[in-house]
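The values are calculated or read from the model by the stated rules, or taken from the named source; none is laboratory data. The structure presented is a predicted model; accordingly, all values stated were derived computationally and were not measured. Here the Cβ positions follow ideal geometry from the backbone for every residue, glycine too, while neighbour counts run over all protein chains shown. Areas reflect the complete protein model, heavy atoms only, side chains present, ligands, DNA and RNA absent. Shrake-Rupley method; radii C 1.70, N 1.55, O 1.52, S 1.80 Å.
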Amino acid sequence: MELPKRYDPKESEPKWLKYWEENKIYAFDAEDTDREIYSIDTPPPTVSGKMHMGHAFGNSQQDFIARYKRMKGFNVLQPFGTDDNGLPTQLLIQKMKKVRATDMDRKEFRKLCLETLENELRPSYLGDWKRLGISCDFDVKYTTINEHCQKLSQWSFIEIHKMGRAYRKEAPAMWCPKCGTAISQVETEDRELQSHFNDIIFKIDGKDIVIATTRPELLPACVAVFFHPDDKRYKHLKGKKAKVPLFDIEVPVMEEEGVDPEKGTGIMMCCTFGDQMDMDWQKKYDLPIKTAIDRNGRMTELAGKFKGKKIKEARAEMVDEMKRQKLLVKQKEITHAVNCHERCGTEIEFVHSKQWFIKYLDLKDDMLKWGKQLKWFPTHYVNRYENWIKGLSWDWCISRQIPFGIPFPVWYCDDCGEVILAKDLPVDPVVDKPPVDKCPKCGSKKISGEKDNINTWATSSLTPTIVKELFKGKPVYKKLKDVPFSLRPQGHDIITFWLFNTVVKSQMHFKILPWEDCFINGWMLDPKGKKMSKSRGNVIEPQVMIDKYSADMLRYMASGSKLGDDLNFPEKEMIAGKRFMNKLWNASKFCIMNLEGYKHEKPKLTMIDQWLLSRLHQVIQSCTVSLDKYEFHQAKAIAEKFFWQEFCDMYLEIVKYRLYNDNENKASAQYTLFTSLYTILKLFSPLMPFITEEIYHMFFMHYESKNSIHITEWPVFDKTMVNEKADKAGELVTFVVAAARKKKSDEQVSLKEPIKHLKISGDISEQEFNFVKEDIKAATVAEDISYTQAKENSCDVEF
């Protein structure tokens with residue numbers, strides 16, 4: 001048989017991608033109701049132009065499990081979706097097309113977004129995932145902005161509204177001035193920023209009272225001054241009025257146990273709104289609401305001559321003005337945690353506005369219980385879920401003041417404010433007519449559609465339902481409908497976003513967990529352990545690495561990292577992957593060339609062949625157990641060690657004399673070669689799907705009924721193949737061969753140099769030794785061997 005001299009991934013990988021797609025190798029069978037389903041709630045990546053290294057890292061690890069389960073006989077449902085509605089997409093389109101949504105007609109901007117997604121972004125984005133070898137059924141697909149998802153998202157809102165858990169309220173909401181929309185608590189992050197503590201003078205009864213603040217720009221929105229009731233320094237001020245510096249306003253001085261006497265000067269101003277504490281105090285004491293900062297992040301008329309200034313400009317100018325008026329006692333530079341919008345990094349403000357919320361703070365105990373019912377891999381990530389719940393202080397704000405997204409299925413009566421829900425979905429209340437001609441409450445015919453859109457996380461938290469409903473009317477629908485998915489794979493950074501919200505939505509709608517297992521992958525960092533970002537200039541693109549090495553080598557690198565661990569990008573592992581790939585190719589060529597005439601029958605096996613097959617089945621068992629626990633890194637390490645050390649370095653060298661010389665035990669050697677190599681290919685096929693498919697088609701498919709290695713049966717552990725006597729004999733053989741090689745290396749002689757005498761001792765009987773004696777002679781080129789049974793293995797070499 002003439003075999004290719006070398007393996008070229010640049011030629012092979014595109015070939016197999018096309019083959020898999022044309023032959024629907026990874027198709028989920030919606031007609032099959034017999035096989036057990038293994039369903040994966042595949043994370044729909046945000047359409048950002050192209051796949052990044054974090055995607056390649058996490059999705060490869062997810063795919064190892066999908067491929068393993070498929071070979072285990074499951075009907076694997078691994079769909080592919082894209083998250084392409086809402087603010088992230090809006091920002092991307094604005095940047096790509098150099099437009100501003102606020103400057104365009106809403107309908108025209110939505111059309112621009114949809115056309116750009118369909119014609120420019122999704123095709124290349126989808127190609128990146130395919131190129132990596134991800135074994136999704138790409139015919140089971142969705143986009144979170146398509147009609148199917150819009151309908152389900154709007155259905156979810158209506159159902160939650162009927163439960164009494166969706167409510168619209170005029171209240172302080174977290175607001176991003178840059179993005180121009182309300183955001184939820186989950187979309188914020190603390191960032192360490194430089195600022196100043198400003199000790200400024202308030203006047204009470206004409207006397208100076210110093211208050212420390214980092215937000216002097218909120219002075220025009222000051223509504224009260226608070227001190228702790230046990231603080232004797234300020235006890236005499238209770239009930240008096242404090243004059244706010246720069247602004248001719250007076251506010252009440254009040255007691256409040258929440259004030260920390262040790263922080264700053266121990267007396268605090270309350271402004272509407274600087275933080276959660278301001279909101280709590282405003283509500284508790286029924287204080288007036290003053291708006292000093294508008295939705296665009298500029299000062300309002302309350303700020304007087306500072307009106308129209310941006311926040312930081314106003315802050316600096318107010319500080320300068322207080323310096324001139326000698327109202328600034330001192331200024332101290334600090335670095336402190338500031339709540340920012342995770343999407344753009346802008347410091348958030350609190351704006352009084354009407355927003356839609358989902359009520360869930362009353363469910364915190366239930367949320368903790370639901371988290372404990374899930375199986376977490378790794379287990380410690382449940383702590384992140386629990387800590388998030390314990391720190392929740394807001395209901396879920398789900399309305400967004402942006403033009404692109406899924407509309408709320410809601411109209412309002414202009415006269416009485418009655419909420420009118422849609423009946424036919426999907427719907428756009430800005431364009432479509434309401435389901436009634438007049439308000440059912442007051443009879444008014446003045447009805448207006450909601451202009452806000454539903455937050456994208458409120459839609460992507462429905463992904464299990466989105467996928468299940470794709471199969472409505474199909475035989476498998478009943479098997480899918482009322483049961484959790486098998487697996488949720490995702491990064492640890494979105495536990496508080498996607499995972500938490502999906503759990504909440506699943507319990508609200510169906511009273512079930514969304515999945516059984518949570519599979520949490522880590523981050524791919526740069527080589528120095530820093531988060532990759534364009535601003536740092538440290539981005540490593542997977543497309544470049546695939547072109548430089550191959551998809552298999554990138555997947556090999558991802559398989560070496562323990563699930564849940566962050567990994568500093570190790571290019572040396574790509575090089576190690578290349579070395580492994582070359583060795584696998586060359587070892588396979590050797591085996592295939594020496595399997596000519598193989599009869600595919602199991603003969604009587606020699607002791608050394610029994611040893612290798614015994615070890616092989618132990619490896620099968622260990623790899624299977626590891627993959628069942630999602631410990632793919634362990635499975636890889638076990639299989640790779642066996643391949644390099646026992647199969648290549650030892651067995652292939654030991655067996656050559658039988659293969660080359662038509663030895664009477666050649667059939668035993670061929671059976672062992674065939675079985676071992678085929679099993680090795682199967683063990684590595686989930687990790688490195690391209691080269692294993694190439695070798696399978698080159699030889700092994702002729703002995704199989706399956707047209708891809710990826711739908712063949714996973715190797716089955718057979719305990720009858722584990723042979724303790726053979727294991728001991730094999731250990732002795734490998735010990736002696738290694739000792740002989742080392743001696744020759746130390747003496748700087750060729751490995752082919754004959755050894756005059758080998759004096760061997762070992763923990764097997766002389767009869768058992770005789771079964772492997774010829775193997776040792778051939779592998780070491782020994783002319784004479786003597787053997788003594790002993791408790792420990794030893795070997796003396798004489799030239």
Requested in this report: Determine whether residue 560 is under 30 Å from residue 8 (Cβ atoms), surrounded by fewer than 21 Cβ atoms within 10 Å (Cβ to Cβ) and modelled with pLDDT under 95.
Outcome: no
Query raised in the report: Looking at the range 96-167, what helices (runs of 4 or more DSSP H) fall wholly within it and have at least 2 residues that are modelled with pLDDT of 95 or more and open to solvent by 10 Å² or more (accessible area, probe 1.4 Å)?
Result: 122-131, 147-162
Report summary line: Only one of 636, 578 is among the basic types (Lys, Arg), in contact with a helix residue (DSSP H, G or I) (Cβ under 6 Å, 6 or more places away or on another chain) and open to solvent by less than 30 Å² (accessible area, probe 1.4 Å), namely 636
Query raised in the report: Can you name every residue in the range 455-472 that is at pLDDT 95 or above, not basic (Lys, Arg) and not in a helix (DSSP H, G or I)?
Result: 461, 462, 470, 471
Query raised in the report: Looking at the range 552-576, which of the residues that are part of a helix (DSSP H, G or I) and touching a residue at least 40 places away in the same chain (Cβ under 8 Å) is farthest from residue 629 (Cα to Cα)?
Result: 571
Requested in this report: Confirm whether residue 630 is assigned to a helix (DSSP H, G or I), open to solvent by less than 20 Å² (accessible area, probe 1.4 Å) and not polar (S, T, N, Q).
Outcome: no
**Report entry** Criterion (free of Cβ contacts under 8 Å to residues at least 12 places away in the same chain, part of a helix (DSSP H, G or I) and farther than 24 Å from residue 65 by Cβ) met by exactly one of 662, 649
**Finding:** 649
Report task. Identify the residue in the range 761-798 that is more than 24 Å from residue 661 (Cβ to Cβ) and assigned to a loop (DSSP other than H, G, I, E, B) and, among all such residues, is most open to solvent (accessible area, probe 1.4 Å). Result -> 791
Query raised in the report: Only one of these conditions is not met by residue 706: (1) under 30 Å from residue 555 (Cα atoms); (2) in a helix (DSSP H, G or I). Which number is it?
Result: (2)
**Report entry** Matching residues, the range 255-297, being touching a residue at least 60 places away in the same chain (Cβ under 8 Å), closer than 20 Å to residue 196 by Cα and charged (D, E, K, R)
**Finding:** 275, 278
Query - Single residue of the range 433-451 satisfying the filter (small (Gly, Ala, Ser) and surrounded by 12 or more Cβ atoms within 10 Å (Cβ to Cβ)) that is farthest from residue 421 (Cα to Cα) - result: 444
Query raised in the report: Out of all the residues in the range 748-760, which are open to solvent by 10 Å² or more (accessible area, probe 1.4 Å) and either on the phi > 0 side of the Ramachandran plot or not charged (D, E, K, R) (or both)?
Result: 748, 749, 750, 751, 754, 757
Query raised in the report: Do the conditions hold for residue 627, that is, is it in contact with a Ser or Thr (Cβ under 6 Å, 6 or more places away or on another chain), more than 21 Å from residue 751 (Cβ to Cβ) and among the aliphatic types (A, V, I, L, M)?
Result: no
Query raised in the report: Pairs, please: C-beta under 6 Å, at least 6 apart or cross-chain, first residue over 17 Å from residue 383 (Cβ atoms) and in the range 479-496, second open to solvent by 70 Å² or more (accessible area, probe 1.4 Å)?
Result: 484/516; 486/516
Report task. Take the range 326-360 and flag every residue that is farther than 30 Å from residue 395 by Cα and either open to solvent by 90 Å² or more (accessible area, probe 1.4 Å) or among the hydrophobic types (A, V, I, L, M, F, W, C) (or both). Result -> 326, 327, 328, 329, 330, 332, 333, 334
**Report entry** Filtered residues of the range 511-534 (kept if in contact with a helix residue (DSSP H, G or I) (Cβ under 8 Å, 6 or more places away or on another chain) and not in a loop (DSSP other than H, G, I, E, B))
**Finding:** 515, 518, 519, 520, 521, 524
Requested in this report: Considering (1) in contact (Cβ under 8 Å) with a residue 24 or more places away in the chain; (2) open to solvent by less than 10 Å² (accessible area, probe 1.4 Å), say which one residue 170 fails and leave the rest.
Outcome: (2)
Requested in this report: Search the range 473-501 for residues being of a type in the set (Gly, Ala, Ser) and open to solvent by less than 60 Å² (accessible area, probe 1.4 Å), and hand back the single one that is modelled with the highest pLDDT.
Outcome: 486
Query raised in the report: Which residue pairs have Cβ atoms under 7 Å apart, sit 6 or more places apart or on different chains, and have a first residue in the range 594-619 that is of a type in the set (S, T, N, Q) and a second that is not in a helix (DSSP H, G or I)?
Result: 606/665; 610/723; 614/722; 614/723; 618/722
Report task. Look through the range 639-677, keep the residues that are in contact with a Lys or Arg (Cβ under 6 Å, 6 or more places away or on another chain) and among the basic types (Lys, Arg), and return whichever of them is least open to solvent (accessible area, probe 1.4 Å). Result -> 658
Report summary line: Filter the range 711-731 for residues that are charged (D, E, K, R) and closer than 14 Å to residue 620 by Cα; the one that is most open to solvent (accessible area, probe 1.4 Å) is 719
Report task. Of all residues in the range 725-760, count the ones that are acidic (Asp, Glu) and either assigned to a loop (DSSP other than H, G, I, E, B) or without any contact (Cβ under 8 Å) to a residue 12 or more places away in the chain (or both). Result -> 2
Query raised in the report: Which of the residues spanning the range 70-81 are touching a residue at least 40 places away in the same chain (Cβ under 8 Å) and out of contact with any helix residue (DSSP H, G or I) (no Cβ under 6 Å at 6 or more places or on another chain)?
Result: 70, 71, 72, 73, 75, 77, 80, 81
